[in-house]
Amino acid sequence: MNTDLEAAAAVIPGFVEKAPLERYVDPDRPSLVGRSRAELAAALGELGVPQAQRKMRVQQLWHWLYVRGVTSFDAMTSISKELRAALEQRFTVARPEVVAEQVSVDGTRKWLLRLPGENPNERPHEVECVYIPETGRGTLCISSQVGCTLNCTFCHTGTQRLVRNLTAGEIVGQIMVARDRLGDWPGLPLPALPREGRGDGAIVPTDGGRFVTNIVMMGMGEPLYNFEAVRDALLVVADNEGIAISKRKITVSTSGVVPNIRRTGEEIGVMLAVSLHAVRNDLRNELVPLNRKYPIEALLEACRTYPGLTNAKRITFEYVMLKDVNDSLADARALVRLLAGIPAKINLIPFNPWPGAIHECSDWETIEKFSAVVFNAGYSAPVRTPRGRDILAACGQLKSATEKLSARERMALRAMAMTE
Ligand code: SAH
Ligand code: SF4
């Protein structure tokens, strides 16, 4: 992989750092990272902590884990030495292992994380998450599965065989890793972030001095096919006595798993993004094969009745711009007609090619015309900040880059589109 990354570094201007960080060691004890209060109480129960004390101990653990971000039980100084030792014997506070870190000149960072295989002796799995700093906010794009069971024609993840669902701990763990690497915990010294090549709006603390202010589930996988783990993880992340990222700043993106859309609103209460990509069933059947099971009408009905939907809390419709496939002005007009009456935002995503992809990215001019139709229909036309243009410019250039980098660019673009 190193060689690939080196090759990519030569191709992509602004790719300034890559650093293999640690060697992989299979965890021998389970991590408490990502556990809910009830699960922490159960863990304490296993250690023989009397029922009457558990609530208070859970509060302490919660604070050390999710407010302070400590990486050892030793650091949990309000907890007795005996209990810390007992915790240490049975559990860890480990995060997913960081295998590599890449930093681009505009401050975008990608971490490649290694997770245990499902069975002993199986090869470890890898997922990536991307941090995109902008003025006033920092968005972290995280994964829900290793690979994906669905096969959208334009998506590289779809070509990988599904390996497995991530656990809630691994989902929360991605945020913990990002905050560790960014020095985003209160009371800890700022890490030595590389200064060279830092672009405008790069690594600066945002909102209330925090780096990670927004979360988008737009990495690998279909979050609504891993519903329980995603729900449990996001409830931990949104808890306002812990990591405390507000539900308004968390977005789950789905390709349209209709039965779980209502549940997302009811049981998680976060923002929803829907990968629409086509306005007719015949085309969407092809691009997003899940459409054969849940066609556009059913999908839009689930959107219309999404719990908590208001003009202030709109659904984002994602639309990937594929040359000569879905990018005509007739498509643009049909798109705005289709969404009439649904409090919506529309994000046009320039297609990011990957080796072997059958699509091409629409021309910039076509995207602008398409975007004008959307804009004239009253939607904020979301293409694009100068930085987005930079990345769009890379859209064609990326043809010769590695798969990993085009994935990075793709995730960065999507997450930026979300945070306009
Ligand atoms: N599985 C979920 C979330 C992950 S994909 C979903 O499909 O919504 C996040 C977004 O990236 C989706 O809108 C997806 O359609 C889009 N996407 C996938 N591959 C892309 C590519 N090569 N270029 C641009 N957008 C892509
Ligand atoms: Fe890719 Fe999302 Fe489709 Fe899965 S559902 S193949 S992650 S676009």
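The values are calculated or read from the model by the stated rules, or taken from the named source; none is laboratory data. Quick caveat: nothing in here was measured; it's all calculated off a predicted structure. We place every Cβ from the backbone using ideal geometry, glycine too, and count neighbours over all the protein chains shown. For accessibility, only protein heavy atoms count, side chains too; no ligands or nucleic acids. Shrake-Rupley method; radii C 1.70, N 1.55, O 1.52, S 1.80 Å.
Once the Cα gyration tensor of the stretch 278-391 is found, what semi-axes does its equivalent ellipsoid get, as square roots of 5 times the eigenvalues, in whole Å, sorted largest first?
Semi-axes from the Cα gyration tensor: 23, 19, 13 Å.
Using a 1.4 Å probe and counting only protein heavy atoms, arrange Asp184, Asp232, Asp74 so the residue with the most accessible area comes first. Can you show the working numbers first?
Numbers: Asp184 5, Asp232 60, Asp74 115 Å².
Largest accessible area first, the residues go Asp74, Asp232, Asp184.
Give the ranking of Arg90, Arg54 by solvent-accessible surface, highest area first, calculated with a 1.4 Å probe.
Greatest to least solvent exposure: Arg90, Arg54.
Whole number in Å², please: accessible area per residue of the stretch 105-180, 1.4 Å probe, ligands, DNA and RNA not counted.
33 Å²
Quick one: which residues, 5 or more positions from Gly138 or on another chain, have an amide H under 5 Å from its amide H? H modelled 1.01 Å from N in the peptide plane, none for Pro or chain starts.
Close amide H contacts, sequence-distant or interchain: Thr213, Asn214.
Give, in nm to one decimal, the length gained when the segment between Glu301 and Ala340 is fully stretched (0.36 nm per residue of separation minus the Cα-Cα distance).
12.8 nm
Quick one: accessible surface of Thr159, probe radius 1.4 Å, all protein chains present, in square angstrom to the nearest 10.
90 Å²
In the stretch 101-156, carbon and sulfur make up what percent of the accessible area (probe 1.4 Å)?
Roughly 47 percent, rounded to a whole number.
If only Cα atoms are counted, what is the Rg of the stretch 278-341, and what is its Dmax, in Å?
Gyration radius and largest Cα-Cα distance of the stretch 278-341: 12.5, 36 Å.
In sequence order, what are the phi-derived ³J(HN,Hα) couplings for the stretch 285-295 according to the Karplus relation 6.51 cos²θ - 1.76 cosθ + 1.60 with θ = phi - 60°, rounded to whole Hz, with x for glycine and proline?
4, 7, 6, 10, x, 4, 4, 5, 8, 10, x
So how far apart, in nm, are the two label points at Ala244 and Arg29 if each is 7 Å from Cα heading toward Cβ?
2.9 nm
State the percentage of accessible surface on the stretch 230-327 attributable to carbon and sulfur atoms; use a 1.4 Å probe and exclude ligands, DNA and RNA.
Ligands and nucleic acids excluded, carbon and sulfur give 46 percent.
Ranked from the most accessible area to the least, with a 1.4 Å probe and all protein chains present, what is the order of Ser253, Ser380?
Details: Ser253 15, Ser380 80 Å².
From most accessible down to least: Ser380, Ser253.
Please state the equivalent ellipsoid semi-axes for the stretch 335-382: what are the square roots of 5 times the Cα gyration tensor eigenvalues, largest first, in whole Å?
The equivalent ellipsoid of the stretch 335-382 has semi-axes of 24, 12, 8 Å.
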